[in-house]
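Input: a single structure, listed below in structure tokens.
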Amino acid sequence: MINVTNLNKKFDDVTVLQSIDFSVKKGEVVCLIGPSGSGKTTLLRCLNLLEIPNGGSVTIGNKALSFDGKSPSKKDIKEIRSFSGMVFQGFHLFPHKTVMENIIEAPLFVKKRKKSS
């Protein structure tokens, strides 16, 4: 589950995201579409805290964060990222690993799961 309420992001004097509200239910598939420069990637980066929003709140899984001008803690960032994943537009696999090793890297490293599970 993802809930976004009144999310805002500015870069200097440029407002990229303003008052963004949406919810995604468990199992629901949502697509972001729009022209280049409309804020799609910035929104995704804000959800994964690669960019810190200037205002609003985000809930992913059972972790809720509000953004009021101060940066979230490393613990908060790690926790919210444990409920999400992101594939970058120009994704690159680790060349020294097989496809399967690339796929299981995140669950092994982030979730501390064993290869057998």
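The values are calculated or read from the model by the stated rules, or taken from the named source; none is laboratory data. What you see is a predicted model, and the numbers here were worked out from it, not measured in a lab. Cβ atoms come from the backbone with ideal geometry, glycine included; neighbour counts cover every protein chain shown. These accessible areas exclude ligands, DNA and RNA; they are computed on the full protein's heavy atoms, side chains included. Shrake-Rupley method; radii C 1.70, N 1.55, O 1.52, S 1.80 Å.
Observations on the model:
- Selected residue (criterion: surrounded by the fewest Cβ atoms within 10 Å (Cβ to Cβ)) from residues of segment 54-88 that are part of a loop (DSSP other than H, G, I, E, B) and small (Gly, Ala, Ser): Gly69
- Per the conditions (1) open to solvent by 20 Å² or more (accessible area, probe 1.4 Å); (2) assigned to a strand (DSSP E or B); (3) touching a residue at least 24 places away in the same chain (Cβ under 8 Å), the sole criterion not satisfied by Asp21 is (3).
- Residues located in segment 59-72, provided they are aliphatic (A, V, I, L, M) and under 12 Å from Phe83 (Cα atoms): Ile60, Ala64
- Residue in segment 69-78 that is over 22 Å from Val16 (Cα atoms) and small (Gly, Ala, Ser) present: yes
- Residue within segment 93-101 that is modelled with pLDDT of 90 or more, crowded, with 16+ Cβ neighbours inside 10 Å and not aromatic (Phe, Trp, Tyr) present: no
- Every residue from segment 1-18 that is open to solvent by 80 Å² or more (accessible area, probe 1.4 Å), part of a strand (DSSP E or B) and within 19 Å of Ser71 (Cα to Cα): Lys10, Gln18
- Lone qualifier among Glu28, Glu51 - being surrounded by 14 or more Cβ atoms within 10 Å (Cβ to Cβ) and in a loop (DSSP other than H, G, I, E, B): Glu51
- Odd one out for Cys46, checked against (1) touching a Cys at 6+ places or on another chain (Cβ under 8 Å); (2) in contact (Cβ under 8 Å) with a residue 24 or more places away in the chain: (1)
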